[in-house]
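Note sheet for the following structure.
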Amino acid sequence: MKIANSNWFEVEEYLKNDDRAVLPLGSTEQHAYLSLSVDSILSEEVAAAAAEPLGVPVFPVVSYGLAPYFLGYPGSVSLKLSTYAAVVRDILDSLYATGFRRILIVNGHGGNSPAQVVAMEWMEAHPDAKCRFHDWWRAPKTWECVQEIDPVASHASWMENFPITRLPGRELPNEQKPMADFSKLRDLNAAGVREFMGDGNYGGYYQKPDEDMNRLWSIAVEETRDLLEGDWK
């Protein structure tokens, strides 16, 4: 259940029997022809779909993350690392203060990986709590499905092109874009990344049939749910 659809009385009642919660992490950044909110949309919706049958509350997605390399693309936003770490830590502290002890972070943006370190440090300060960090799109079963559909897949390619991230009326290229040379990308600033990457797709076809996307989605949701249901010890 999304926290947005609950009041505090209901959350208090829930905490009498369960202490799990889900925190999605996203980003606002270029995704070629797709929504600038791809990472936020997908992390929140994967989390919500996984948690719904279990009745576990899903908090609103943190929709700004770490993406300094995309600041050459208008509409992209990036927080400072210190700011981002503080925001994630403050959220975890707040969840703990109100009674949550098992928190699953569902992350939708690779640049947010420092949040995993924040979670580890937070657990050291809260030995009676657990915080799992889950990159939903590259979890083992989900990534295996991506590779089965088409191994040439990356940022802003078909693997992020779901019905909920598409923008109506926008035409997409039909070709398969060659995979970017990531060794070169690492040496570029934001302006250089834009010049090197062009439209922002890092490699792969721009779209796959919905049949493939639905299969990928189902696996991602199931794999995320398994983490919520699994052993927290």
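The values are calculated or read from the model by the stated rules, or taken from the named source; none is laboratory data. No experiment lies behind these values; they were computed from the predicted model shown. A quick note on method: Cβ atoms are made from the backbone with ideal geometry, for glycine too, and the neighbour counts reach across all protein chains shown.
Summary table below
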| read-out | value |
| --- | --- |
| The stretch 167-188 - residue that is under 23 Å from the mean Cα position of the chain (by Cα), within 20 Å of Gly110 (Cα to Cα) and assigned to a loop (DSSP other than H, G, I, E, B) and, of those, modelled with the lowest pLDDT | Arg186 |
| Which listed residue is hydrophobic (A, V, I, L, M, F, W, C) and within 30 Å of Lys16 (Cβ to Cβ), from Val118, Val146 | Val118 |
| Hits in the stretch 123-142 (condition: crowded, with 19+ Cβ neighbours inside 10 Å, free of Cβ contacts under 8 Å to residues at least 40 places away in the same chain and not in a strand (DSSP E or B)) | none |
| Condition met for Thr83 (touching a helix residue (DSSP H, G or I) at 6+ places or on another chain (Cβ under 8 Å), polar (S, T, N, Q) and surrounded by fewer than 19 Cβ atoms within 10 Å (Cβ to Cβ)) | no |
| Output for the stretch 198-228, where each listed residue is out of contact with any strand residue (DSSP E or B) (no Cβ under 8 Å at 6 or more places or on another chain), surrounded by 14 or more Cβ atoms within 10 Å (Cβ to Cβ), farther than 23 Å from Ala180 by Cβ and not basic (Lys, Arg) | Trp217, Ile219, Ala220, Val221, Glu223 |
| Per-region count, the stretch 29-51, residues of a type outside the set (Gly, Ala, Ser) and under 22 Å from Ser94 (Cβ atoms) | 1 |
| Selected residue (only one of Ala32, Ala47 is outside any loop (DSSP other than H, G, I, E, B) and under 23 Å from His155 (Cβ atoms)) | Ala47 |
